[in-house]
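Student: Have a look at this one before I ask anything.
The values are calculated or read from the model by the stated rules, or taken from the named source; none is laboratory data. Worth saying up front: this structure is predicted, and the values here are computed from it rather than measured. Quick reminder, even Gly has a Cβ in these numbers, built from the backbone with ideal geometry, and neighbours come from all protein chains shown.
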Amino acid sequence: MVRYWGGKLVSVIISLFVLATATFFLMKAIPGDPFTSEKAVPPEVKAKLMAFYGLDKPIWEQYLIYLKKLIHLDLGTSMKSQYQTVSSIITDSFGYSLRLGIFAIIVSVIVGVGLGVVAAMYHRKAIDGIAMVIAVLGVSIPNFVLASMTQYLFGYKLQWFQVAGLNGPFDYVLPVLALAALPIAYIARLTRSTMLEVLNAEYIKTAKAKGLKRSVTIVRHALRNGILPVVTYVGPMTANILTGSVVVERIFGIPGLGKYFVDSVSNRDYTLIMGITLFYAVILMLARLLTDLLYGLVDPRIGLRSRKGASS
Amino acid sequence: MKDSRTLTLTKEMFKRLSFRPPGETIAGDSVPMWRDVLRRLVTNKLAMSGVVFLVLLGVMAIIGPMISPHDYFTNNLDRTNEPPSADYWFGTDNLGRDLFSRLWMGARISLVVGLAAAAIDLIFGVIYGGIMGYAGGRTDEMMNKVSEILYSIPYLLVVILLLVVMEPSMWTIILALSVTGWINMSWIVRGQIKQLKNQEYVLAARSMGASGARMLFKHLIPNTLGPIIVTLTLTVPSAIFSEAFLSFLGLGVQSPAASWGTMINDSLAGWTLFPWQMMFPAALLCLTMLAFNVFGDGLRDAFDPKLKK
């Protein structure tokens, strides 16, 4: 047990180290420096700027300083937004993304499991067909297309929702829908296929034979095993929603972390890019660890072996 | 007793029995696996409509930009944001460029990115996974660890980092997708080969002195083709999505080159007034991904009907 989690932790740290190193050297490999684009900077000012950001030292020294700061969770100062630290940008904006993400996860799990269960209960009936059509569409419609389309239809044409912003509870509907569509589709498929297997199991027949109501059989007995694979999907789902938040926040004008990430990339704000990249990586790795932890908890039949999750 | 020992056997003493007792005849010829898969695939209407759509898309991607009276990159500032008409079949964008031509140029980019990603998956993933699965032991453990670490680095971040460093273009996207894209495939191949390795025919080949490479490429990999092909078909839509996604963010294909993602992004500024600028690329992108997805699902069912429910 300790060995297992110890190994997991070590590989997380190695991954983060690899990513941090790769990010650092990739940023250094870019020709020019962050101040080349600003016009007419006198050489003395530029030298001062370089010294302020520590860019005048040799690369290996910069790298060591960077690593040392990382260990102290110091992500440095943004190079473009006046004297804001990367950490403060992240803490200010992550709240929006986090709320959107959590709502999207809740909606995905409830709707996805619901669709999957109903589809399995009415296997090969019309409802099953409809649920699976929704699942295929959810996989096939890209999140940014869904976001733009619903924004046009429900925001602009029908005026049911605000076109942009995140001020009232109703403003969450469209962004959450765009983020949740793909996870809903995956979860519905996963739940359906496991439920179909579970519903044929002996213990379900026993429950039926005891005269339990169908609803009780499904909820109390079948669903417990039927939603197991959904737990393995927690990691990839977090990755999907996080990726989606980057475009969805942009389309709906939400000042979340995803928007800052895209802006930092187009502004070439290197410290911010590096900081947000590492922050995202930490979140995703935590989600993956959580998946492993949950899976061990909900299914005692599974031993602590290394498993491969679905692709993200 | 003595008589029976000297008994001579003559032909008349034997009677030919019916060669195939009734009820045990084999109804049909034995069908090769490929024909069987193909037969199941062809009867799947949904998968076939996906194939038909993709063939049409491929044809239009080749001839589309040629049959339009306008090219895809010339600005015509007198005729910006026009609705579809006899002259501009799908209308024009905010710089007066012909949307019809741009749409099919976008199809070219999407298909090239999807197929290139699939090819890289195939080459790297199959070789890496094949070696992992076949070698086993320490080699497998080490190689697996490396792929796990690579996989744990979020792919979007890798892609965006590479795009920051390099000139954004279609080729950069393909390169970025190939950094981590092959890992899933390598795990599938590895699992399959580990399973197959202990089969009798592999033992037979080995006992006849087949070399490692021969075993891998002649016996093991051909028998994992089913899952490989299914994974490839499902790689294509996700690569197409990634390209459109990155181009939408302005990190991918740059104007004047036309990608569906770029076109959707360009249309965002004026979508309340010129919705067709978004509808055409968005619809084609969704339909293409849908077609690949239903085709992939159909292939999976065709290769392994047990999975079909």
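Student: Restricting attention to the stretch A:163-177, which residues are more than 14 Å from chain B (Cβ to nearest Cβ) and more than 18 Å from A:MET132 (Cα to Cα)?
Tutor: A:GLY165, A:LEU166, A:ASN167, A:GLY168, A:PRO169, A:PHE170, A:ASP171, A:TYR172, A:VAL173, A:LEU174, A:PRO175, A:VAL176
Student: Could you say which residue among A:GLY244, A:GLY235 is within 13 Å of another protein chain (Cβ to nearest Cβ), in a helix (DSSP H, G or I) and modelled with pLDDT of 85 or more?
Tutor: After applying the criteria, what remains is A:GLY244.
Student: Continuing with the same structure: Could you please find all residues in the stretch B:293-309 being free of Cβ contacts under 8 Å to residues at least 12 places away in the same chain and within 11 Å of chain A (Cβ to nearest Cβ)?
Tutor: Result: B:LEU307, B:LYS308, B:LYS309.
Student: Considering only residues of the stretch A:72-120 that are among the aliphatic types (A, V, I, L, M) and closer than 14 Å to A:MET274 by Cα, which is farthest from the chain's Cα centre (by Cα)?
Tutor: Once the filter is applied, the top-ranked residue is A:MET79.
Student: Can you tell which of B:GLU148, B:GLU200 is acidic (Asp, Glu) and away from chain A (no Cβ under 14 Å)?
Tutor: B:GLU200
The rows are residues; the columns are (1) closer than 20 Å to A:VAL109 by Cα; (2) hydrophobic (A, V, I, L, M, F, W, C).
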residue: A:MET121; (1), (2): yes, yes
residue: A:ALA126; (1), (2): no, yes
residue: A:MET132; (1), (2): yes, yes
residue: A:LEU146; (1), (2): yes, yes
residue: A:GLN151; (1), (2): no, no
residue: A:TYR172; (1), (2): yes, no
residue: A:ALA188; (1), (2): yes, yes
residue: A:VAL198; (1), (2): yes, yes
residue: A:HIS221; (1), (2): yes, no
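Student: Pick from A:LEU49, A:LEU100, A:LEU137: which is in contact (Cβ under 8 Å) with a residue 12 or more places away in the chain and over 17 Å from A:VAL176 (Cα atoms)?
Tutor: One residue alone meets the criteria, A:LEU49.
Student: I'm checking my understanding of the structure. Among residues of the stretch A:151-160 that are within 14 Å of chain B (Cβ to nearest Cβ) and surrounded by 12 or more Cβ atoms within 10 Å (Cβ to Cβ), which one is nearest to B:PHE274 (Cα to Cα)?
Tutor: Of everything passing the filter in the stretch A:151-160, A:TYR152 is nearest to B:PHE274 (Cα to Cα).
Student: So for the stretch B:103-125 (the condition being within 14 Å of another protein chain (Cβ to nearest Cβ), crowded, with 22+ Cβ neighbours inside 10 Å and either farther than 24 Å from B:SER247 by Cβ or over 21 Å from the mean Cα position of the chain (by Cα) (or both)), does at least one residue qualify?
Tutor: yes
Student: Output the number of residues of the stretch A:161-175 satisfying the condition of being crowded, with 16+ Cβ neighbours inside 10 Å and part of a loop (DSSP other than H, G, I, E, B).
Tutor: So the count comes out to 4.
Student: What pairs come out if I take residues in the stretch B:38-51 that are touching a residue at least 12 places away in the same chain (Cβ under 8 Å) and pair them with residues that are part of a helix (DSSP H, G or I) and exposed (fewer than 15 other Cβ atoms within 10 Å of the Cβ) whose C-beta lies under 9 Å away, six or more apart or interchain?
Tutor: B:ARG40/B:PRO305; B:MET48/B:VAL42
Student: Scan the stretch B:257-264 and tell me whether some residue there is over 22 Å from A:ILE141 (Cβ atoms) and modelled with pLDDT of 80 or more.
Tutor: Scanning the stretch B:257-264, I find at least one residue that is over 22 Å from A:ILE141 (Cβ atoms) and modelled with pLDDT of 80 or more, so the answer is yes.
Student: Evaluate the stretch B:243-256: report whether one residue or more is modelled with pLDDT of 85 or more, in contact with an Asp or Glu (Cβ under 6 Å, 6 or more places away or on another chain) and part of a helix (DSSP H, G or I).
Tutor: no
Student: Quick one: which helices (runs of 4 or more DSSP H) sit completely within the stretch B:149-224 and have at least 1 residues that are within 28 Å of B:ALA135 (Cβ to Cβ) and small (Gly, Ala, Ser)?
Tutor: Qualifying helices (runs of 4 or more DSSP H): B:170-180, B:182-197, B:200-207.
Student: Still on this structure, please answer the following. So which residues in the stretch A:88-128 are farther than 17 Å from A:SER215 by Cα, in contact with a Lys or Arg (Cβ under 9 Å, 6 or more places away or on another chain) and crowded, with 22+ Cβ neighbours inside 10 Å, if there are any at all?
Tutor: Correct list: A:SER97, A:GLY112.
Student: Which of the residues spanning the stretch B:237-261 are away from chain A (no Cβ under 12 Å) and among the β-branched types (Val, Ile, Thr)?
Tutor: Result: B:VAL253, single match.
Student: Answer with yes or no whether A:VAL139 is touching a Phe, Trp or Tyr at 6+ places or on another chain (Cβ under 8 Å) and at pLDDT 80 or above.
Tutor: Considered against the rule, which asks whether it is touching a Phe, Trp or Tyr at 6+ places or on another chain (Cβ under 8 Å) and at pLDDT 80 or above, A:VAL139 comes out as yes.
Student: Just need a number here: residues in the stretch B:165-179 that are within 12 Å of another protein chain (Cβ to nearest Cβ) and buried (at least 21 other Cβ atoms within 10 Å of the Cβ).
Tutor: Residues meeting the conditions: 1.
Student: Of the conditions (1) among the small types (Gly, Ala, Ser); (2) assigned to a helix (DSSP H, G or I); (3) away from every other protein chain (no Cβ under 13 Å), A:SER148 fails just one. Which one is it?
Tutor: With (1) among the small types (Gly, Ala, Ser); (2) assigned to a helix (DSSP H, G or I); (3) away from every other protein chain (no Cβ under 13 Å) applied to A:SER148, the lone miss is (3).
Student: While we're here: Given the conditions (1) modelled with pLDDT of 85 or more; (2) part of a helix (DSSP H, G or I), and given that A:LEU153 satisfies all but one, which numbered condition is not satisfied?
Tutor: Unmet for A:LEU153, out of (1) modelled with pLDDT of 85 or more; (2) part of a helix (DSSP H, G or I): (1).
Student: Ok, one more. Check off (1) farther than 26 Å from A:VAL234 by Cα; (2) within 14 Å of another protein chain (Cβ to nearest Cβ); (3) among the polar types (S, T, N, Q) for A:SER193 and give me the number that stays unchecked.
Tutor: With respect to (1) farther than 26 Å from A:VAL234 by Cα; (2) within 14 Å of another protein chain (Cβ to nearest Cβ); (3) among the polar types (S, T, N, Q), A:SER193 is out only on (1).
Student: Right, next: Among all residue pairs at least 6 apart or on different chains, which show Cβ distances below 9 Å where the first residue, located in the stretch B:278-292, is more than 8 Å from chain A (Cβ to nearest Cβ) and the second is not in a helix (DSSP H, G or I)?
Tutor: B:PHE280/B:PRO84; B:PHE280/B:PHE90; B:PHE280/B:GLY91; B:PRO281/B:ALA258; B:PRO281/B:SER259
Student: Here's something else I'd like to know. Where residues in the stretch B:64-88 are in contact (Cβ under 8 Å) with a residue 12 or more places away in the chain and assigned to a helix (DSSP H, G or I), which of them is nearest to B:PHE303 (Cα to Cα)?
Tutor: Among those residues, the one meeting the criterion is B:GLY64.
Student: So if I check each of A:ALA135, A:ALA180, A:ALA131, which one is touching a helix residue (DSSP H, G or I) at 6+ places or on another chain (Cβ under 9 Å) and within 12 Å of chain B (Cβ to nearest Cβ)?
Tutor: It is A:ALA135.
Student: Scan the stretch A:34-45 and give yes if some residue there is buried (at least 16 other Cβ atoms within 10 Å of the Cβ) and modelled with pLDDT under 75, otherwise no.
Tutor: Yes - at least one qualifying residue is present in the stretch A:34-45.
Student: Still on this structure: Kindly list the number of the only condition in (1) more than 14 Å from chain B (Cβ to nearest Cβ); (2) under 28 Å from A:TRP5 (Cβ atoms); (3) crowded, with 23+ Cβ neighbours inside 10 Å that fails for A:GLY256.
Tutor: (2)
Student: With the checklist (1) in contact with a helix residue (DSSP H, G or I) (Cβ under 9 Å, 6 or more places away or on another chain); (2) within 14 Å of chain A (Cβ to nearest Cβ) in hand, flag the one item B:ASN223 doesn't pass.
Tutor: It is condition (2) that B:ASN223 fails.
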